[in-house]
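S.K.: Take this structure first; my questions come after.
The values are calculated or read from the model by the stated rules, or taken from the named source; none is laboratory data. Given the structure is predicted, the values throughout are model-derived calculations rather than measurements. As a convention, Cβ positions derive from the backbone with ideal geometry for all residues, glycine included, and neighbour counts pool all protein chains shown. Ligands, DNA and RNA are excluded from the accessible area calculation, which covers all protein heavy atoms including side chains. Shrake-Rupley method; radii C 1.70, N 1.55, O 1.52, S 1.80 Å.
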Amino acid sequence: MKSIEDYVHLEPAYYQDVLANYHQLFGKYFTASEIAQIDSVTIYATGSSSNAAYGALPFMSKVLGMPVQIEEPSIAENYLLNVKQGTLCIAISQGGHSYSVVKLVQRLQELNQRVYTLTSEADSPVAQVSQNLLMMGMPVEEMPYVSAGYSVEILDLMLISLTIAKNKGRISADQFDQLFTQINNVIHQLPEVIKRSSAWVDKNLTQFNKAKRLQFIGYGSAYGVSREGETKTTEAVRISSWGKELEEYMHGPYLGLMREDFIIFLEPNGKLQEREERLKKFLRQHVDHVYTIYANEAANEQENDLDLKVKTDELLTALFMTVPVHLLAYRLSQEKGNDLEHSAYPDFDQITASKI
């Protein structure tokens, strides 16, 4: 079975495949006539798929010029099924076995609401019930703790939003080409991002292995990265971990600080960089281990920070900033001797039916 790290190294190839086939994957579904009445988007996702959606959200909102929101499938299906006319519904389940996503898709379709289901497994339970199936454009990920699939979902959502925006006249053909080229340029730099990330993890692994609590803080598109840091660290390393948005962290969670906490900032070099620097200044007075992963231009870089050296729009940084987070989670799991190929609690799905 391939490991999380194996899939990180496969991301550049998966990205290129999706770019090469984006029209076949999404273009034929979101034609001008099909999306004429769309005036908002709701994404239904949980776990890493939800994290990916938050990574793509700022880009989608800017390109589409319409409300875009993310909802938990279980809450939506049981309590929030007041979907207004004109809403494009997108349900995401990479492996296609999520109970809550399957139930949500069924309920929306029963209410005659068109919902597009994004998955990588064509014969999965969610694919079997879905009337409008979108394939992610990558093979089914063998590893139960997804990494490449999370990243490809971000690219898929960005390309879906570009396709819709172009076909609705929200952006011109030239603007589409410019944004597509920017995405392609980011993807071409991914092998170097992986190298830099791998070296950074190697350098700091001994220190991180001492962590009892690990916190990730990000904003904008890096908020999704912080959430994924929490998810992967909890799943793979099995220590206490949190992923917070910058302002959210400053409104309460900082009061639970402990001197021995490990804190990683995800800095997309965006609008809130000065705010993040202020928070780091405070935290360094109270916490021994504060790190920053920069997309580019690490003006106040410390010895153990990481500069990924990718100069791009902050809205595209979710495409690559999770690479060091995934590598760190995987290598820490191996340091601790955790078996990621088999469930730590094999009776969980048997009892809860979380996955179908």
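S.K.: Could you run the Karplus curve 6.51 cos²θ - 1.76 cosθ + 1.60 with θ = phi - 60° over the stretch 62-74 and give me ³J(HN,Hα) per residue in whole Hz, x for Gly and Pro?
M.R.: 5, 5, 7, x, 8, x, 10, 9, 10, 10, 6, x, 5
S.K.: Of 195/280; 244/355; 203/232; 244/271; 280/309; 195/244, which ones are farther than 24 Å apart at the Cα?
M.R.: Those over the limit are 195/280; 244/355; 195/244.
S.K.: Dipole size in debye (nearest 20) for the chain around its Cα centre, Lys and Arg Cβ +1, Asp and Glu Cβ -1?
M.R.: Magnitude of the dipole: close to 540 debye.
S.K.: Another question about this same structure. Summing Lys, Arg as +1 and Asp, Glu as -1, what charge do residues with Cβ under 10 Å from the Cβ of residue 265 carry, residue 265 excluded?
M.R.: -3
S.K.: Additional query: Could I have the simple spin-label model distance between residue 61 and residue 188, label points 7 Å from Cα toward Cβ, reported in nm to one decimal?
M.R.: A separation of 3.1 nm, rounded to one decimal place.
S.K.: Let me ask you something else. Considering the dipole of the stretch 233-356 built from charges on the beta carbon (Lys and Arg +1, Asp and Glu -1) around the Cα centre, which of 266, 286, 237 is farthest to its positive end?
M.R.: Farthest towards the positive pole: 286.
S.K.: Okay, moving on. What is the Å³ per residue value for the convex hull set by the Cα atoms of the chain?
M.R.: Cα-based convex hull of the chain, divided per residue, equals 135 Å³.
S.K.: Still on this structure, I have one more. What percent does the relative contact order of the stretch 27-80 come to when contacts are Cα pairs within less than 8 Å and at least six residues apart?
M.R.: 41
S.K.: Could you please report the charge total around residue 349, scoring K, R as +1 and D, E as -1 over all other residues with beta-carbon less than 15 angstrom from its beta-carbon?
M.R.: -1
S.K.: Follow-up question, since we're still on this one. Top mean-square fluctuation among 84, 311, 280, Gaussian network model of the chain, C-alpha springs under 10 Å?
M.R.: Between 84, 311, 280, it is 84 that shows the largest mean-square fluctuation.
S.K.: Nothing charged except the Cβ atoms of Lys and Arg (+1) and of Asp and Glu (-1): what's the magnitude of the dipole of the stretch 233-308 about its Cα centre? Round to the nearest 20 debye.
M.R.: Charge dipole, the stretch 233-308, about its Cα centre: 280 debye, nearest 20.
S.K.: Turning to a different aspect of this structure: Before rounding to the nearest 500, sum -39500 (n - 2.57) across all DSSP H runs of length at least 4 in the chain and divide by the residue total; then give [θ] at 222 nm in deg cm²/dmol.
M.R.: -14000 deg cm²/dmol
S.K.: Then there is this: Using a 1.4 Å probe, what is the accessible area per residue for the stretch 170-258, in Å²?
M.R.: Accessible surface, normalised per residue, equals 44 Å².
S.K.: Still on this structure, I have one more. Give me the distance between the Cα centres of the stretch 100-164 and the stretch 181-202, rounded to whole Å.
M.R.: So the separation of the two Cα centres works out to 26 Å.
S.K.: In the P(r) worked out for the stretch 1-131, what percent of Cα pairs fall beyond 25 Å?
M.R.: 27
S.K.: May I pose another question? Treating only the Cβ atoms of Lys and Arg (+1) and Asp and Glu (-1) as charged, compute the dipole magnitude of the stretch 173-269 about its Cα centre; round to the nearest 20 debye.
M.R.: The dipole of the stretch 173-269 has a size of about 620 debye.
S.K.: Still on this structure, please answer the following. Work through the residues other than residue 154 whose Cβ is under 11 Å from its Cβ and net out their charges, Lys, Arg +1 and Asp, Glu -1.
M.R.: -4
S.K.: Let a ≥ b ≥ c be the square roots of the eigenvalues of the Cα gyration tensor of the stretch 47-123; is it rounded (a/c under 1.5), or, if not, prolate (a/b larger than b/c) or oblate?
M.R.: Because a/c hits 1.5 or more and a/b fails to exceed b/c, the stretch 47-123 counts as oblate.
S.K.: Over the chain, what percent of the accessible surface lies on carbon and sulfur atoms, probe 1.4 Å?
M.R.: Summing carbon and sulfur atoms, their accessible area is 48 percent of the total for the chain.
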